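> Here it is, the structure, as structure tokens.
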Amino acid sequence: MFHRRKELEVFSMVLEKLINGEKADVFLSYKDELPSKIQYQLLRLSEKIHGSESQLIKERDEIRELIAEIAHQMRTPLANIESYLELLGAAGCESERQEYLEILKNTESQLHFLTESFIKMARLESRIIQIKPDATALCGTLMQSILQVKKAADEKRIFIDLSVDDKLQVPHDGNWLGEAVYNMLENSVKYSPMDSVVRVSAAQNEMYTQISIADSGIGIAEGEEGKIFQRFYRGKETDGQPGFGLGLYLTREIVLMHGGFVKARRKKPGLEISIFLP
């Protein structure tokens with residue numbers, strides 16, 4: 001009777017710890033009996049509860065960090081709008097007003113881009129988006145992405161060279177993979193010099209289909225190969241260039257949802273970024 005009472009006291013102590021949010025650390029002797037099984041189950045329950053709490057704390061901190069980052073990114077364009085609206089109201093001539101209106105238009109485009117990027121980022125991170133792979137020709141997806149950057153490339157007289165087998169197929173979601181490739185191409189065009197070439201290629205081996213985009217632009221510093229895919233990270237070489245550090249982060253998230261990965265390789269000059277799809 002005394003032994004059973006002792007066991008019940010131990011269980012009561014364990015349950016009290018769980019109720020108080022503490023981790024259960026009271027142990028009975030291990031025997032192949034019902035009290036030992038109950039003890040084991042209580043310890044597993046304790047670990048699950050604390051694991052869930054740790055995950056919630058982590059997610060809460062990530063949300064706070066994200067909100068702070070979003071606020072920081074949007075503060076400058078919002079301040080610009082406020083300043084130039086005041087200047088617009090005090091403008092004395094038509095040419096001055098037109099100049100301020102053009103600046104306001106560009107700032108509005110930045111805010112629109114940021115808002116759209118934040119929405120995509122939130123949908124990708126929360127896994128709201130469903131990737132729907134379809135075994136279609138990769139050439140069409142790459143061509144669509146190239147067409148999206150053609151105007152910007154033409155303005156800098158940049159030639160985009162595409163090398164891919166028309167019959168090459170890989171399971172992918174054309175819309176989302178196209179977005180990932182577009183983000184890479186946009187960076188290459190933005191950071192490449194006038195009258196240069198951006199090379200887009202795709203090839204397949206026994207394990208992966210590799211999509212590579214190589215340019216002869218400003219490139220990245222040594223040690224930044226992994227950092228450039230982080231949210232809001234901007235390379236040391238991009239000082240003075242417009243951007244928010246979201247494009248390659250979104251590319252990585254999209255590729256991860258396809259079951260693949262991305263890699264960056266420094267060149268002299270330039271940069272090569274590759275997507276690997278299973």
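> So, in region 116-147, exactly how many residues are of a type in the set (S, T, N, Q) and open to solvent by 60 Å² or more (accessible area, probe 1.4 Å)?
Summing the residues that are of a type in the set (S, T, N, Q) and open to solvent by 60 Å² or more (accessible area, probe 1.4 Å) in region 116-147 gives 3.
> Is at least one residue of region 239-260 over 15 Å from residue 145 (Cβ atoms), more than 19 Å from the chain's Cα centre (by Cα) and among the hydroxyl-bearing types (Ser, Thr, Tyr)?
The answer is no, given that none of the residues of region 239-260 is over 15 Å from residue 145 (Cβ atoms), more than 19 Å from the chain's Cα centre (by Cα) and among the hydroxyl-bearing types (Ser, Thr, Tyr).
> Which residue is most open to solvent (accessible area, probe 1.4 Å), if the candidates are limited to region 86-100 and must be closer than 21 Å to residue 74 by Cβ and not charged (D, E, K, R)?
Step by step, filter region 86-100, then rank; the result is 87.
> Here's a follow-up. Given the conditions (1) outside any helix (DSSP H, G or I); (2) farther than 18 Å from residue 251 by Cβ; (3) open to solvent by less than 70 Å² (accessible area, probe 1.4 Å), report the number of the one that residue 157 does not fulfil.
That leaves (3) as the condition not met.
The values are calculated or read from the model by the stated rules, or taken from the named source; none is laboratory data. As the structure is a computational prediction, the values presented were derived from the model and not from experiment. Here Cβ is always computed from backbone atoms with ideal geometry, including for glycine, and neighbour counts include all displayed protein chains. Note: areas computed on protein heavy atoms with side chains; ligands, DNA, RNA excluded. Shrake-Rupley method; radii C 1.70, N 1.55, O 1.52, S 1.80 Å.
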